[in-house]
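Colleague: Below is one structure. I have some questions about it.
The values are calculated or read from the model by the stated rules, or taken from the named source; none is laboratory data. In this text, all values refer to a predicted model and were calculated from it rather than measured experimentally. Note that each Cβ is placed from the backbone with ideal geometry, even for glycine, and that neighbours are counted across all protein chains shown. The protein model used for the area step is the full one, side chains on, heavy atoms only, and it has no ligands, DNA or RNA in it. Shrake-Rupley method; radii C 1.70, N 1.55, O 1.52, S 1.80 Å.
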Amino acid sequence: MNGRRTIVELDQERLRSASQLLMRTLGLTSYAGGALESLELAARTPGAETRALGCVRDDVLDGVIVFGTFAGADGAGRIHFVVVSDASRRAGVGRSLAEAAIERLRGERARFVLVELPDDAHALPGAGAFFGPLGFREESRVENFFRHGVALSFVRRDLADAG
């Protein structure tokens, strides 16, 4: 696979491969169901609150991000989730997807982007560390949210020049 990676709008045509990628990545976790529901909504009826981008290389989908805005909140962007194939991890796929989503939100005058992140090192290894280099900082957390010992962490990136 030597081809160039391209960020594409994720639609129903790529939904099956995106769902398979998501299930390979999150399938044995308690987070897969909600993520799959968000992905299907984003691909079938994309809108301001839920839409998706994919990263394609040699016609193979190797990463997906679902993002949007919070309904009723002026300028509040969010990332629902990012998944990357095992073979493409640490190759910039997740970063490229996150930056593309953030730029779209910035273009829509988002003031910040929030991620509601399970602080679950066992089920989601590296998830917390992924967002720090992208400029996200923990804003707050709810201890024992998902289950005993697994907090819900809110990480935020301000978009100062969104104005």
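Colleague: Tell me, which residue of the range 7-34 that is among the hydroxyl-bearing types (S, T, Y) and at pLDDT below 95 is farthest from R57 (Cα to Cα)? Break it down into steps so the answer makes sense when it comes.
Modeller: First, pick out the residues of the range 7-34 that are among the hydroxyl-bearing types (S, T, Y): 17, 19, 25, 29-31.
Now drop any that are not at pLDDT below 95, which leaves 25, 29-31.
Working: T25: 18, T29: 27, S30: 29, Y31: 26 Å.
Out of the qualifying residues, it is S30.
Colleague: Sticking with this structure for a sec: When you scan the range 122-145, how many residues do you find that are at pLDDT below 90 and either of a type in the set (K, R) or surrounded by 14 or more Cβ atoms within 10 Å (Cβ to Cβ) (or both)?
Modeller: Selection size over the range 122-145: 4.
Colleague: Also: Looking at (1) under 23 Å from A87 (Cα atoms); (2) open to solvent by 60 Å² or more (accessible area, probe 1.4 Å); (3) in a helix (DSSP H, G or I), which one does T25 not meet, given that it meets all the others?
Modeller: Here T25 clears every test but (2).
Colleague: Turning to a different aspect of this structure: Filter the range 103-121 down to residues that are surrounded by 14 or more Cβ atoms within 10 Å (Cβ to Cβ) and in a helix (DSSP H, G or I), then give me how many there are.
Modeller: Residues of the range 103-121 surrounded by 14 or more Cβ atoms within 10 Å (Cβ to Cβ): 104-106, 110-120.
Then drop every residue that is not in a helix (DSSP H, G or I), which leaves 104-106.
Residues meeting the conditions: 3.
Colleague: For the range 29-53, give me each residue that is surrounded by fewer than 14 Cβ atoms within 10 Å (Cβ to Cβ) and either in contact with a helix residue (DSSP H, G or I) (Cβ under 8 Å, 6 or more places away or on another chain) or touching a residue at least 60 places away in the same chain (Cβ under 8 Å) (or both). Break it down into steps so the answer makes sense when it comes.
Modeller: Initial filter on the range 29-53 (surrounded by fewer than 14 Cβ atoms within 10 Å (Cβ to Cβ)): 30, 33-34, 37, 44-45, 47-48.
Of everything in the range 29-53, those that are surrounded by fewer than 14 Cβ atoms within 10 Å (Cβ to Cβ) and either in contact with a helix residue (DSSP H, G or I) (Cβ under 8 Å, 6 or more places away or on another chain) or touching a residue at least 60 places away in the same chain (Cβ under 8 Å) (or both) turn out to be S30, R44, A48.
Colleague: May I ask you to list the residues in the range 68-101 that are of a type outside the set (G, A, S) and touching a residue at least 40 places away in the same chain (Cβ under 8 Å)? Don't jump to the end; show me each part of the working.
Modeller: Here is the first cut: in the range 68-101, the residues of a type outside the set (G, A, S) are 69-70, 74, 78-84, 86, 89-90, 93, 95, 97, 99.
Across the range 68-101, the qualifying residues are T69, F70, H80, F81, V82, V83, V84, D86, V93, L97.
Colleague: Output yes when any residue across the range 97-105 is aliphatic (A, V, I, L, M), farther than 19 Å from R24 by Cβ and at pLDDT below 95, and no when none is. Before you say what the answer is, go through the steps one by one.
Modeller: Taking the range 97-105 first, the residues aliphatic (A, V, I, L, M) are 97-98, 100-102, 105.
When the remaining residues are screened for being farther than 19 Å from R24 by Cβ, the result is 98, 100-102, 105.
Going one step further and asking which of them are at pLDDT below 95, we end up with none.
No, because not a single residue in the range 97-105 is aliphatic (A, V, I, L, M), farther than 19 Å from R24 by Cβ and at pLDDT below 95.
Colleague: Inspect the range 54-77 for any residue being acidic (D, E), under 21 Å from S17 (Cα atoms) and crowded, with 19+ Cβ neighbours inside 10 Å and give the result as yes or no. Explain how you work it out, then say what you get.
Modeller: The first filter runs over the range 54-77 and keeps only residues acidic (D, E), leaving 58-59, 62, 74.
Add one more test, that the residue is under 21 Å from S17 (Cα atoms), and what stays is 58-59, 62.
With crowded, with 19+ Cβ neighbours inside 10 Å added as a condition, the list becomes 62.
Yes, the range 54-77 has at least one match.
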